[in-house]
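See below for the structure under consideration.
The values are calculated or read from the model by the stated rules, or taken from the named source; none is laboratory data. None of these values were measured; they are calculated from a predicted model. With ideal geometry, Cβ positions are generated from the backbone for all residues, glycine too; neighbour counts draw on all protein chains shown. Just the protein is used for accessible areas: all its heavy atoms, side chains included, with ligands, DNA and RNA removed. Shrake-Rupley method; radii C 1.70, N 1.55, O 1.52, S 1.80 Å.
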Amino acid sequence: MQRHTRRFTAAAVFAGIAVLATGCASSAAGGAAPSAEATTTERIAVTYPNGIAVLDGTTLETVKEFDTEEFTRVNPFGDGRTIAVTTSRGFQMLDTAKPALTDLTIPATTAGHVVVHDGKTLLYDDGTGGTTILDTNAFAGGYAAVPTGEEHTAASAHHGVSIALEDGTLLTTVGDKTARTGAEALRAKDGGWEQTAVNAQCPGIHGEGAAKGDAVVFGCEDGALLYKDGAFTKFAAPAAYGRMGNAFVSPTSSIVVGDYKKDRDAEGYLLNAVTLIDTAASTYRVVDLPAAVQYTFRDVARGPGDFAYILATDGSIHVLDPSSGEITRSFPVVEPWKGPVEWQDPHPAIKVRGDVAYVTEPAANSVHVVDLASGETLTTARLEHTPNEIAVASD
């Protein structure tokens, strides 16, 4: 790996995002009890064909690499160190502090979404419609055994997602192998689940995001679905087809930024508009972006000021103010790029933590750290492999 650092004071920038030693210490792949060993720096996981690299979040030096299946996905478990790696056997736990790709795998026939919210981490199995609800600190004692938690199984298996709210409500999608239609709200009762609300007006429901005040938004093929104060509200897109598939949120903002696809038959995965949903005012609108600002589902993140940071095909990060829908500034980061042929194909991605962004540049086998205040690239590392997905352990 080749590493280039533009600014020698970069460590100061990272002081606000460093993960403190929590006593949730390293454990062997077999699950030994924690020791005093713990990382005091950010760690990120980057996938590549048949492997995962754990990088130091400040220097971008490769700490360790692990062999995996050809294509895997990575999602933070929410405890500051564990990454859930989706494999053909289920959700395999990557300890970024040791680091170790542990032997612990939470079984799933088709491992899908991982959602962290309010101290709970939910794992969704698309093959069974099953949701596993775990405490986010479930691995504080190590990785020796699969932790116990609550379970919910949908009436029919589908590509779904679930999220647990602070008041104990479980929100989960409804559908089957042929179609996804909406979502329901459930509460635990007598060893089972009782439905408290349902909405079946969200065709193709996909993705979720929790805004300020535990207001949750799901995307639909014809708008979006909001759950707030115990009830669902459907927002209609301005056209018969207007798909939102991913929600980008901040816990301090009531506004959800969603991706938006206008043409059902459009080829490729590039998008040129966003949805802005104000969960406090219960408003929904679609904003067209400047022609140069095209992006995919991997290229939007919320960050400082509750702004949305969009990594576009022109190679720049464009800063969008969700309140106005305006691009307030832009700064170049990577070379211009083209959209992927398949969604799994390597293409640039952005993750934000604190005041910095981690940006992948597959065409250059590189990862960059960008100061979002100045727009300056602080550190660049050239990897031995082509980066694909990226996850920040402390998210």
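Solvent-accessible area per residue for the chain at a 1.4 Å probe radius, Å²?
Result: 40 Å² per residue.
I want to verify a result. In a Gaussian network model of the chain, Cα cutoff 10 Å, which of these has the top mean-square fluctuation: ASN199, ASN75, ASN50?
Its mean-square fluctuation being the largest, the pick is ASN50.
I need the calculated FRET efficiency for the pair SER324 and ALA266, taking r as the beta carbon distance and R₀ as 30 Å, to the nearest 0.05. Mind dumping the intermediate values first?
Details: r = 27 Å, r/R0 = 0.89.
The computed FRET efficiency comes out at 0.65.
Determine the order of ARG89, ARG180 by accessible area, beginning with the largest, at a probe radius of 1.4 Å.
The most accessible residue leads, giving ARG89, ARG180.
Can you give the net charge of the other residues whose Cβ lies under 10 Å from the Cβ of ILE255, counting K and R as +1 and D and E as -1?
-1
In terms of solvent-accessible area of protein heavy atoms at a 1.4 angstrom probe, what is the ranking of ARG382, ARG298, highest value first?
These residues rank, largest area first, as ARG382, ARG298.
With 21 Å as the limit, write out which pairs from LYS120/LYS189; LYS120/LYS212; LYS212/LYS262; LYS177/LYS351; LYS177/LYS228; LYS262/LYS338 have Cα-Cα distances beyond it, or answer none.
LYS212/LYS262; LYS177/LYS351; LYS177/LYS228
In the P(r) worked out for region 119-216, what percent of Cα pairs fall beyond 23 Å?
In whole percent, the share of Cα-Cα pairs in region 119-216 beyond 23 Å is 25.
What translational D, rounded to a whole number of µm²/s, comes out for region 225-297 from Stokes-Einstein when the hydrodynamic radius is the Kirkwood one over Cα pairs, at 25 °C and 0.890 mPa s?
So the translational diffusion coefficient is about 187 µm²/s.
R0 = 22 Å: FRET efficiency of LYS234 with TRP343, Cβ-based, nearest 0.05? Please report the intermediate quantities before stating the final value.
Working: r = 26 Å, r/R0 = 1.20.
Approximately 0.25, to the nearest 0.05.
If you build a Gaussian network model of the chain, linking Cα atoms that sit under 10 Å apart, which residue out of GLY219, GLY258, GLY142 swings the most?
GLY142
If you stretched the chain out fully between THR196 and SER88, how much longer would it get, using 0.36 nm times the residue separation minus the C-alpha to C-alpha distance?
Fully extending the segment from THR196 to SER88 adds 35.5 nm.
Please identify, among THR173, THR47, THR132, the residue showing maximal mean-square fluctuation in a Gaussian network model of the chain using a 10 angstrom Cα cutoff.
Its mean-square fluctuation being the largest, the pick is THR132.
Counting only protein heavy atoms, what percent of the accessible surface of the chain is carbon or sulfur at a 1.4 Å probe?
The C+S portion of the solvent-accessible surface of the chain is 49 percent.
Within region 211-269, which chymotrypsin sites (Phe, Trp or Tyr not before Pro) sit in a loop by DSSP and count at most 16 neighbouring Cβ atoms inside 10 Å? Before the final figure, lay out each step's value.
Numbers: sites: PHE218, TYR227, PHE232, PHE235, TYR241, PHE248, TYR260, TYR269; in loops: TYR241, TYR269.
For chymotrypsin sites (Phe, Trp or Tyr not before Pro) across region 211-269 that sit outside H, G, I, E and B with at most 16 neighbouring Cβ atoms in 10 Å, the list reads TYR241.
Each label point is 7 Å from the Cα along the Cα-to-Cβ direction; what then is the distance between the points at GLU151 and ASP176, in nm?
2.3 nm
For region 190-239, what's the radius of gyration and Dmax over Cα atoms, in angstrom?
My reading of the Cα-based Rg and Dmax gives 12.1, 44 Å.
For mean projected area of the Cα convex hull in nm², several values are listed as [x] 23.9; [y] 22.7; [z] 17.8; flag the one computed from this structure.
[z]
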